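A short write-up of the structure that comes next.
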Amino acid sequence: MARYISLYSGSSGNCSVVEENGKFIIIDMGKSARITNSALTRLGLELKNLQGILVSHEHSDHISGLKVFLKNLHVPLFSGAPTNDYLRDNALVPGHIDVQDLNFTGTNIGPFNIQGFETPHDSACCLGFKIRTDGGSSMSIATDLGFVNEEILKNLSGVDLTVIESNYDVNMLKYGPYPYYLKSRISSNRGHLSNIQSSRATLRLVEDGVKKIQLCHLSNTNNTPRLALERIKNSAAENGIYLPDDVTVKVNRRHEVTQPTEF
């Protein structure tokens, strides 16, 4: 059985791991190599078993630790072509790293098959990932997106685990301290998902049969775990949707390793 582990999640940095039988991949690295290495050590994950790194997009909360982390490693990095061009042009990864454009029809990285899908975000390119393992487990993750359409829902469905953004509470953002331009950026269709948008997508995923769901990339200023989870429960009640007892929804922690989820 595979495991998904969020090392840290939020506007200050995002990084997660998918592991099966000791081998693992890393998704994004938005904090220092020291913090990331410390988390991997606590989890008992050895760098010799790292198969590759996936990068969703080029924003600093997803890549700031990469260059130092990869200084003495030789593992491939995968992302969309525009993101890879940005990383190369700005010397954000060491020159010796094999930077590869992710195949949208499925790329094999060790025992993992990775399929990228585009998400709407204000970056050169932004990807979500559908991941299948040799052991038959499957999951999807989408950390940054301004809205969810049917194509994105399709890529988030039909898996054992879905990780989806739930960035902000509408009222906290509206009446919070951010300047108007930043509020507009966050709430735009190339910004981030609100709790309301995320809850609607979550309920669609539950109806499709997804049993395990995790909420990621919560804003420290404009959201709380309690509000994100309550919005799902309230949306279900408002729409007469029953959440089965075997469905679990949890929130990834901002500065800590979240308890591993088997899938």
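Going by what's in this entry, would residue 206 be described as part of a helix (DSSP H, G or I) and buried (at least 16 other Cβ atoms within 10 Å of the Cβ)? Considered against the rule, which asks whether it is part of a helix (DSSP H, G or I) and buried (at least 16 other Cβ atoms within 10 Å of the Cβ), residue 206 comes out as yes. The set of residues in segment 103-122 being in contact with a Cys (Cβ under 9 Å, 6 or more places away or on another chain) and closer than 23 Å to residue 20 by Cα is empty.
Let's see how each residue does on (1) in a helix (DSSP H, G or I); (2) closer than 24 Å to residue 9 by Cβ; (3) over 20 Å from the mean Cα position of the chain (by Cα); (4) among the acidic types (Asp, Glu):
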{"site": "57", "(1), (2), (3), (4)": "no, yes, no, no"}
{"site": "72", "(1), (2), (3), (4)": "no, no, yes, no"}
{"site": "91", "(1), (2), (3), (4)": "no, no, yes, no"}
{"site": "95", "(1), (2), (3), (4)": "no, no, yes, no"}
{"site": "100", "(1), (2), (3), (4)": "no, no, no, no"}
{"site": "108", "(1), (2), (3), (4)": "no, no, no, no"}
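Being in contact with a strand residue (DSSP E or B) (Cβ under 8 Å, 6 or more places away or on another chain) and touching a residue at least 12 places away in the same chain (Cβ under 8 Å) is a description that applies to residue 133. A count restricted to segment 153-182 and to residues that are outside any loop (DSSP other than H, G, I, E, B) and farther than 17 Å from residue 123 by Cα stands at 16. Do we have residue 139 as over 20 Å from residue 62 (Cα atoms), in contact (Cβ under 8 Å) with a residue 12 or more places away in the chain and either aliphatic (A, V, I, L, M) or buried (at least 20 other Cβ atoms within 10 Å of the Cβ) (or both) here? Against the criterion (over 20 Å from residue 62 (Cα atoms), in contact (Cβ under 8 Å) with a residue 12 or more places away in the chain and either aliphatic (A, V, I, L, M) or buried (at least 20 other Cβ atoms within 10 Å of the Cβ) (or both)), residue 139 does not qualify. Only one entry in 68, 159, 99 is without any contact (Cβ under 8 Å) to a residue 24 or more places away in the chain and either touching a Ser or Thr at 6+ places or on another chain (Cβ under 8 Å) or surrounded by fewer than 18 Cβ atoms within 10 Å (Cβ to Cβ) (or both), namely 99. Checking each residue in segment 11-27 for being under 10 Å from the mean Cα position of the chain (by Cα) and either modelled with pLDDT under 95 or not in a strand (DSSP E or B) (or both) picks out only 14. Checked against the criterion of being touching a Leu at 6+ places or on another chain (Cβ under 7 Å), surrounded by fewer than 17 Cβ atoms within 10 Å (Cβ to Cβ) and farther than 30 Å from residue 34 by Cβ, segment 209-230 contains not a single residue that satisfies it.
The values are calculated or read from the model by the stated rules, or taken from the named source; none is laboratory data. All values reported here derive from a predicted model rather than from experimental measurement. Every residue, glycine as well, gets a Cβ built from its backbone with ideal geometry; the counts of neighbours run over all protein chains shown.
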